[in-house]
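Q: Supplied in structure tokens, the structure appears directly below.
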Amino acid sequence: MDLKIKLEQLHQKVVGLKDQISTEEATKNAFVMPFIQILGYDIFNPTEVIPEHICDIGTKKGEKVDYVIKHNDEPIFIIECKHWKENADAHNSQLHRYYHVSKTRFGVLTNGIVYNFYTDLEKPNIMDEKPFFTINIEDLKDSSIKILESFTKKDYNLESILDSAEALKYIKAIRKEFEKEIETPSDELVKLLVGRFFEKPMTASRMISFKEYTKKALTTSINESISFRLKSALSINEQIEKQEEAVKTQPVDENNDSKIVTTEEELEAFQIVKAILREKVPSQRIAHRDTLSYFGVLLDDNNRKPLCRFHFNTNNKYLETFHNGKEAGEKVLLNNLDEIYNFKEELHKTLENYN
């Protein structure tokens, strides 16, 4: 199964369970071990995933790191866990000590939701103070998932990770400084920009004014850039939808059989969704359209109002929901059609988005 889908499923588990998780040990069992398993490592194989590994530090004996992960019998990273309510950045001194006596190149500090990955870019065998990579289960980004793939058992490659680690670290640092400059422009940035067109002396009062001008200019520029990209994306979507509508209204060539086959499972799933949504809207407003890629359920038979989609054309069956917006569909694996009832809240929220 795709790494992204597995992580999204873990996210749903985290959201559903975290309020019932009251200890660090429960956090490890409910959130961290599934994460390790998602990366492809056998949590039941003590030669691959070693829990409570002893890391003696000087005169301190019996100190233990929560997990050591091995690949081809070599330790590749250690994981130190905290309770999900704790800040994942607050305990790196402990991981720092374990890293120093371990033979790994990577250390992970996590609260089961945020995973901070560290290495030793600045000094050999001494863990850096700042992580070079962070992934948040509650805020999954495609770029982060792509980086995480390098840590999976299937795709692990030390050289590849180290090659990108330095770039990731400094890109993250530069971005942070840039965001600080947008929020509160520094004297240096203001002088750099204003000095290119303003020839008069920069007095204290002028500096105050130009700082405010700089902040507004940067914010406006970024917002307009985002707005332009969104408008371009919406325009492309509208063109695609018009093309789909045109194809739909074209007469069918009697010499070519349709490649779209609507299955009994798809119709049964549609009836389940229809039953869930009838609590909120009349059944005649709930329509369906079958395509080569998916079976779609629509409000008012409108392509711009998708309620959900069924992806049943592969060995695995997925339900795609749109409770976070029609441009932010989320796929979940279905073991059986009855599990659709578990997504009543998401389907109702999707309806509310169109009101």
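Q: Any idea which of (1) open to solvent by 70 Å² or more (accessible area, probe 1.4 Å); (2) free of Cβ contacts under 8 Å to residues at least 60 places away in the same chain; (3) within 24 Å of LYS13 (Cβ to Cβ); (4) touching an Asp or Glu at 6+ places or on another chain (Cβ under 6 Å) is the one LYS331 doesn't satisfy?
A: All conditions are met except number (2).
Q: Looking at this structure, is ASN87 at pLDDT 90 or above, exposed (fewer than 14 other Cβ atoms within 10 Å of the Cβ) and either under 27 Å from the mean Cα position of the chain (by Cα) or part of a loop (DSSP other than H, G, I, E, B) (or both)?
A: no
Q: Looking only at region 148-161, count every residue that is hydrophobic (A, V, I, L, M, F, W, C) and either open to solvent by 40 Å² or more (accessible area, probe 1.4 Å) or at pLDDT below 80 (or both) and tell me the total.
A: Looking only at that region, the number is 1.
Q: Return yes when LEU39 is under 22 Å from GLY329 (Cα atoms), touching a helix residue (DSSP H, G or I) at 6+ places or on another chain (Cβ under 9 Å) and open to solvent by less than 60 Å² (accessible area, probe 1.4 Å) and no when it is not.
A: In short, no.
Q: Can I ask one more? Can you confirm whether VAL261 is open to solvent by 80 Å² or more (accessible area, probe 1.4 Å), aliphatic (A, V, I, L, M) and assigned to a loop (DSSP other than H, G, I, E, B)?
A: So VAL261 fits the description; yes.
Q: Of (1) open to solvent by 30 Å² or more (accessible area, probe 1.4 Å); (2) modelled with pLDDT of 90 or more, TYR318 satisfies all except one. Which?
A: Of everything listed in (1) open to solvent by 30 Å² or more (accessible area, probe 1.4 Å); (2) modelled with pLDDT of 90 or more, TYR318 misses just condition (1).
Q: Tell me, which residue of region 60-84 that is basic (Lys, Arg) and modelled with pLDDT under 75 is least open to solvent (accessible area, probe 1.4 Å)?
A: LYS60
Q: Search region 269-289 for residues being out of contact with any strand residue (DSSP E or B) (no Cβ under 7 Å at 6 or more places or on another chain) and open to solvent by less than 30 Å² (accessible area, probe 1.4 Å), and hand back the single one that is farthest from LEU334 (Cα to Cα).
A: Among residues in region 269-289 that are out of contact with any strand residue (DSSP E or B) (no Cβ under 7 Å at 6 or more places or on another chain) and open to solvent by less than 30 Å² (accessible area, probe 1.4 Å), the one farthest from LEU334 (Cα to Cα) is VAL281.
Q: What are the pairs with Cβ atoms under 6 angstrom where one residue, in region 292-303, is among the aromatic types (Phe, Trp, Tyr) and the other, located anywhere, is surrounded by 12 or more Cβ atoms within 10 Å (Cβ to Cβ) and part of a strand (DSSP E or B)? Sequence gap at least six, or different chains.
A: Final answer for the pair search is TYR294/ARG309; TYR294/HIS311; PHE295/PHE310.
Q: Take the residues in region 1-59 that are of a type in the set (A, V, I, L, M) and more than 25 Å from ILE145 (Cβ to Cβ), then tell me which one is modelled with the highest pLDDT.
A: ALA26
Q: Here is a list: LEU168, LEU192. Which entry is without any contact (Cβ under 8 Å) to a residue 60 or more places away in the chain and open to solvent by less than 70 Å² (accessible area, probe 1.4 Å)?
A: LEU168
The values are calculated or read from the model by the stated rules, or taken from the named source; none is laboratory data. Worth saying up front: this structure is predicted, and the values here are computed from it rather than measured. Glycine also receives a Cβ, built like all others from the backbone with ideal geometry; neighbour counts cover every protein chain displayed. These area figures cover heavy atoms from the full protein model, side chains too; ligands, DNA and RNA do not enter into them. Shrake-Rupley method; radii C 1.70, N 1.55, O 1.52, S 1.80 Å.
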